[in-house]
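Asks: Pasting a structure below so you can have a look.
Values in this text are rule-based calculations from the coordinates and carry no lab data. As the structure is a prediction and not an experimental result, all values here were calculated from the model. All Cβ positions, even for glycine, are placed from backbone atoms using ideal geometry, and neighbour counts span all protein chains on display.
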């Protein structure tokens with residue numbers, strides 16, 4: 001989506017066709033039948049921060065901006081950066097869950113990250129609070145009975 005164009009000539013995601021991208025990166029993506037969904041780890045090249053997440057994509061991206069990768073995943077480059085360095089993109093989802101990467105990334109933008117934020121702990125605390133709230137305010141046994149009756 002950050003590139004100039006996304007093409008789906010084989011109709012993998014719907015009717016065959018193509019759409020203009022945002023044009024922020026000098027790349028084009030062509031969808032293919034090869035689907036990649038895998039946990040991955042590596043490093044952000046701009047900050048040196050370790051990253052982890054999962055790659056999820058269907059297709060191939062090519063163009064001048066791929067000569068300036070955003071990440072190194074093992075021995076291979078991934079992603080793309082604009083010539084001025086202001087726009088980056090990759091296929092790794094979940095990057096900002098890494099506290100170190102998020103802080104370093106925000107610092108490159110001139111911002112101050114919340115050093116006390118522990119993302120994983122905040123997610124666990126939030127999910128626990130939501131579960132407690134639902135247990136208090138819903139008849140979970142009644143809902144399960146309805147679900148099993150169908």
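Asks: For the pair residue 13/residue 72, report the inter-label distance in nm, with labels modelled 7 Å from Cα in the Cβ direction.
Replies: According to this spin-label approximation, the distance is 3.0 nm.
Asks: Equivalent ellipsoid semi-axes for segment 5-115, as square roots of 5 times the alpha carbon gyration tensor eigenvalues: give them largest first, rounded to whole Å.
Replies: 27, 16, 12
Asks: Could you give the nm distance between label points at residue 112 and residue 34, where each point is 7 Å from its Cα heading toward the beta carbon?
Replies: 4.6
Asks: Determine the gain in length on full extension of the stretch residue 129-residue 96; use 0.36 nm per residue of separation and subtract their C-alpha separation, reporting nm with one decimal. The partial results should precede the final answer.
Replies: Numbers: separation 33, 0.36 × 33 = 11.88 nm, distance 2.22 nm.
Here the segment from residue 129 to residue 96 would lengthen by 9.7 nm.
Asks: For the chain, find the longest principal axis of its Cα atoms and tell me its angle to the long axis of helix 99-108, 0 to 90°, nearest 10.
Replies: 50
Asks: On a 0 to 90 degree scale, rounded to 10, what angle separates helix 119-137 from the longest Cα axis of the chain?
Replies: Roughly 30 degrees between the two axes.
Asks: Enter the angle in degrees (range 0 to 90, nearest 10) between the Cα long axis of helix 140-149 and the first principal axis of the Cα atoms of the chain, meaning the one along which they spread out most.
Replies: 80
Asks: Report the calculated FRET efficiency for residue 83 and residue 43 (r = Cβ-Cβ distance, R0 = 22 Å), to the nearest 0.05.
Replies: Approximately 0.50, to the nearest 0.05.
Asks: Can I ask one more? As a check on your grasp of the helix formula, calculate [θ] at 222 nm for the chain: sum -39500 (n - 2.57) over DSSP H runs of n ≥ 4, divide by the residue count, round to the nearest 500. Let's see the in-between values first.
Replies: Numbers: 3 runs with 39 residues, N = 150.
Dividing the helical sum by the residues of the chain leaves -8000 deg cm²/dmol.
Asks: Okay, next question. Rank by packing, highest mean first: peptides 3-16, 121-134, with packing defined as the count of other Cβ atoms within 10 Å averaged across residues. Present the calculation step by step, with values, prior to reporting the outcome.
Replies: Numbers: 3-16: 13.6, 121-134: 10.4.
The packing order, highest mean first, is 3-16, 121-134.
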